[in-house]
Amino acid sequence: MTGEIRVGVVDKHPLYRDGVVLALNAQLDIDVLAQGISVWDALEIAQESQLDVIVLDAGTLDESMGAVESILQQHPTIGILIVAETADEEQVYAALKRGVRGYLLKGTNASELVQTVRVLSQGQSYIAPSLGAKLLMRSSPVAAREVTGETRLPHLTPREQQILSILAQGRSNKEIGNKLELSEKTIKHHLTNILQKLRVRNRVEAALFVSNHMPNSLLAS
């Protein structure tokens, strides 16, 4: 199989690692080129393989979060996706501060895993919405005021609501455009307006905003 997205999978549990590899290799556009069991393996395969994404078991971070930082310093274009058993707020925040762009829980389904790998390979970010309001409040004081009711929800046009709903699913600009039959340029224009209205800094915070403030009206649309 010759895929466009080159991936490394690092997990100390062979059964879970094999499942991730199987799910990713089943995709025509993804190749798993390397595997490992520790964060040091992740550092080694990042140096030896030209990877787009590394899927990394959060349990390996007990050994050294600094190794993740080293990977990103030496290979800043690699998207690191951490997959964790539980939502440890401190670990998530520490990982994001070091440049990690993806964070999922191990209870996620294969389709979300695959889609997140694709999103990260395009230089974008995705964090499981279930990680929720605490992370959003910590990363964005404005969003924190939203949670406590100090500001009102912004007025979004129906089109902006559509785009935000699809963005919250981890879709890229191209995929959003294809779904709505709009150009990427138009999607980028709408996203700029959406971020300004929500007063958030990036797509991740926008997706978290949807998860915490508009779960029924937007996610179901």
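Tabulated values for the structure
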item	result
Filter result for Leu218 (modelled with pLDDT under 85, of a type in the set (A, V, I, L, M) and assigned to a loop (DSSP other than H, G, I, E, B))	yes
Whichever residue in region 10-55 is over 15 Å from Ala67 (Cα atoms) and assigned to a strand (DSSP E or B) and, among such residues, is nearest to the chain's Cα centre (by Cα)	Val53
Residue that is assigned to a loop (DSSP other than H, G, I, E, B) and outside the structural domain of Gln169 (by TED's automatic domain parsing), where the choices are Thr60, Thr77	Thr77
Lone qualifier among Ile54, Ile45, Ile37 - being in the same structural domain as Asn109 (by TED's automatic domain parsing) and closer than 22 Å to Gln115 by Cα	Ile54
All helices (runs of 4 or more DSSP H) inside region 111-189 with 1 or more residues being on the phi > 0 side of the Ramachandran plot and modelled with pLDDT under 55	132-139
Condition check for Val32: crowded, with 16+ Cβ neighbours inside 10 Å, within 23 Å of Gln124 (Cβ to Cβ) and in contact with a strand residue (DSSP E or B) (Cβ under 8 Å, 6 or more places away or on another chain)	yes
The lone exception for Lys97 - which of (1) touching a residue at least 40 places away in the same chain (Cβ under 8 Å); (2) under 21 Å from Ala128 (Cα atoms) it fails	(1)
Residue selected from region 184-203 under the condition β-branched (Val, Ile, Thr) and surrounded by 13 or more Cβ atoms within 10 Å (Cβ to Cβ), by the criterion farthest from Gly102 (Cα to Cα)	Thr186
Lone qualifier among Leu51, Leu43, Leu61 - being buried (at least 16 other Cβ atoms within 10 Å of the Cβ) and under 20 Å from Gln124 (Cα atoms)	Leu51
Hits in region 1-26 (condition: surrounded by fewer than 19 Cβ atoms within 10 Å (Cβ to Cβ), out of contact with any Leu (no Cβ under 8 Å at 6 or more places or on another chain) and not hydroxyl-bearing (Ser, Thr, Tyr))	Glu4, Lys12, His13, Pro14, Leu15, Asp18, Gly19, Val21, Leu22, Asn25, Ala26
Check on Ile37, in contact (Cβ under 8 Å) with a residue 24 or more places away in the chain and in contact with a Gly (Cβ under 8 Å, 6 or more places away or on another chain)	no
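The values are calculated or read from the model by the stated rules, or taken from the named source; none is laboratory data. Remember, predicted model here, so these are calculated numbers, not experimental data. All Cβ positions, even for glycine, are placed from backbone atoms using ideal geometry, and neighbour counts span all protein chains on display.
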